[in-house]
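The values are calculated or read from the model by the stated rules, or taken from the named source; none is laboratory data. Keep in mind it's a predicted model, so treat the numbers as computed, not measured. Because the Cβ atoms are built from the backbone with ideal geometry, glycine has one as well, and the counts that use them run over all protein chains shown. Side chains included, ligands, DNA and RNA excluded: accessible areas come from the protein's heavy atoms. Shrake-Rupley method; radii C 1.70, N 1.55, O 1.52, S 1.80 Å.
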Amino acid sequence: MGMVKVVGLVLHPRRDCGAAIDAITGWAVERGVTVLGLPDEVSRISGCTAEAVEAEEMVERAGLLVSLGGDGTMLRTMRLVEGRRTPVLGVNVGRLGFLAEVDLSGLGEALSAIDEHRFTIESRTAVHTTLPDGRAVSAFNDVALVRVPGHGLAAVGIRVEGGGFVNYAADAVIVSTPTGSTAYSFSAGGPIVSPNVQALIVSAAAAHSSFNRSLVLDTSEQLALDVLPTSGRLAIEVDGIIEGYAEPGSTLEIRPMPAAAEVIRFGRTSFYERARRKLRVEGSASAVALDPADAVVVDSFERHRYEVMIGGETVGTLDYTAGPGQIELLNTEVDQAFSGRGLAGRLAAAALADARSRGLTVIATCPFVTGYLERHPES
């Protein structure tokens, strides 16, 4: 990477990136470097001097992309440059992210290191698939087929090299890259995989089938997911964003793309240090993600309750009874070890959003939910 002449910025949709933008534009002005940004992002920042260009032009012109935000922003930046050699620098703005390489305080030093070529480049594998509507999508963490609350389980057949290998029945079936092995796949009980391995990991969240083991495939092997006739309608999540739906009979062909993005590393923290920090591994094998930001709410309809899960463990429940056109929310409980982390609120919010999306009338018998509705009249 010669001297960078053009830098593209990708910003978090809500966090305040002002200080980071100032640091980058200051550095750029001194070196005669052009700074580009996306029109809707640059227009949000008052006094931002970056030149507004569309995404295609930005990736065409930029010799370096800088992601300012958290993991979601970093994933979006990598998807923008997929298949190009343009390196990506991840800068953490706001709460701790896992994928970014530097925090705001280390940004100046990072830019100097880039000037002086004191960095390494790490290739990241992407997963590519074509949605039922014909759109091509890629993910740098994972593609997941996720049960839609109110519908049946995810019943998914895994085909490897053209032959049926195993069927899962689960809340979700997740195909993850090594980068994504510490995300959704991990909370489903999958292995932690080094980013130096070129592989795809297939895992099932809350498997109801007798087979619940993860599968690790080489990126040269052909993988396809078949939505079985017994399956419910499934949401297709690409890096955590619902991009479409799959019905029984749908097939998703999964194509790994090794070296689909290049990220800048300064060698200060290794993948393992960051994984320890993220998963709070304390000198034992009990890698429980205690971060409420990692909590997932699922509708465990067989048990007539919503469950909030962290690291694959149920840590809170909201019981209900469902009748025609209505749902009665009965009782919210959160494990004492996790109280005070806002998890009961996550349960209430998810249950109310689910009822709203299904057009159900809510009867709130549970005192917590009643109080929640008073505090959040908009829900």
Review point. What are the principal axis extents of the Cα atoms in region 1-112, in Å, biggest first?
Key: 30, 30, 28
Check your understanding: Given a 1.4 Å probe and the protein chains all in place, what does the accessible area of PHE368 round to, in Å² to the nearest 10?
Key -> 70 Å²
Revision key, fill the gap. For the chain, longest principal axis from Cα atoms; helix 18-31 axis from its Cα atoms; angle between them, nearest 10 degrees, is 20 degrees
**Study point:** 37 °C / 0.692 mPa s Stokes-Einstein diffusion coefficient of region 206-265, Kirkwood radius on C-alpha pairs, µm²/s
**Key:** 231 µm²/s
Study note, to complete from the structure: Rounded to a whole number, the Stokes-Einstein D of region 65-116 in µm²/s (Kirkwood radius over Cα pairs; 37 °C; 0.692 mPa s) is 294 µm²/s
Review point. Taking the Cα centre of region 89-185 as the origin and placing charges on Cβ (Lys, Arg +1; Asp, Glu -1), which of ALA172, PRO149, PHE119 is farthest toward the positive end of the dipole?
Key: PRO149
Study note, to complete from the structure: The convex hull of the Cα atoms of region 1-54, divided by residue count, gives a volume in Å³ per residue of 84 Å³
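What's the whole-number percent of alpha carbon pairs in region 65-218 lying beyond 20 angstrom?
56 percent
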Practice item. Between ARG276 and MET3, with labels modelled 7 Å along Cα→Cβ, what's the label distance in nm to one decimal, could you check? Key: 4.1 nm
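Pairs of alpha-carbon atoms within less than 8 angstrom and 6+ residues apart define the contacts here; what relative contact order does the chain have, in percent?
With pairs under 8 Å counted, the relative contact order is 13 percent.
When all alpha-carbon pairs of region 295-379 are counted, what percent fall beyond 20 Å?
Numbers: 899 of 3570 pairs.
Tail of P(r) above 20 Å: 25 percent of Cα pairs.
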Check your understanding: Can you give the angle from 0 to 90° between the axis of helix 71-80 and the longest principal axis of the chain, with both taken from C-alpha atoms, to the nearest 10?
Key -> 60 degrees
**Study point:** Distance histogram for region 185-224 (every C-alpha pair counted, 10 angstrom bins, percent rounded to whole numbers)
**Key:** 30, 49, 21, 0
Study note, to complete from the structure: Short to long, in 5 Å steps from zero, the percent of alpha-carbon pairs of region 142-249 per bin is 2, 14, 24, 26, 21, 9, 2, 0
Practice item. Quickly work out the ARG303-to-ALA52 label distance, labels modelled 7 Å from Cα along the C-beta direction, and quote it in nm with one decimal. Key: 4.9 nm
Review point. Rule-of-thumb check for region 92-178: C-alpha Rg over 2.2 N^0.38 Å?
Key: 1.62
Study note, to complete from the structure: Shape descriptors of the chain over alpha-carbon atoms, Rg and Dmax in angstrom, are 22.0, 67
Check your understanding: Taking the Cα-to-Cβ direction at LEU104 and at GLU247 and moving 7 Å from each Cα, how far apart do the two end points lie in nm?
Key -> 4.8 nm
Exercise for review: Please report, in Å, the Rg and the Dmax of region 46-93, where both are computed over Cα atoms only.
Suggested key: 11.0, 33
Revision key, fill the gap. Highest mean packing first, using Cβ neighbours within 10 angstrom, the peptides 182-190, 128-136 sort as 182-190, 128-136
Exercise for review: Identify the residues of region 8-30 with backbone N under 18 Å of a label point that sits 7 angstrom from the Cα of ALA349 along the Cα-to-Cβ direction, or state none.
Suggested key: 13-16
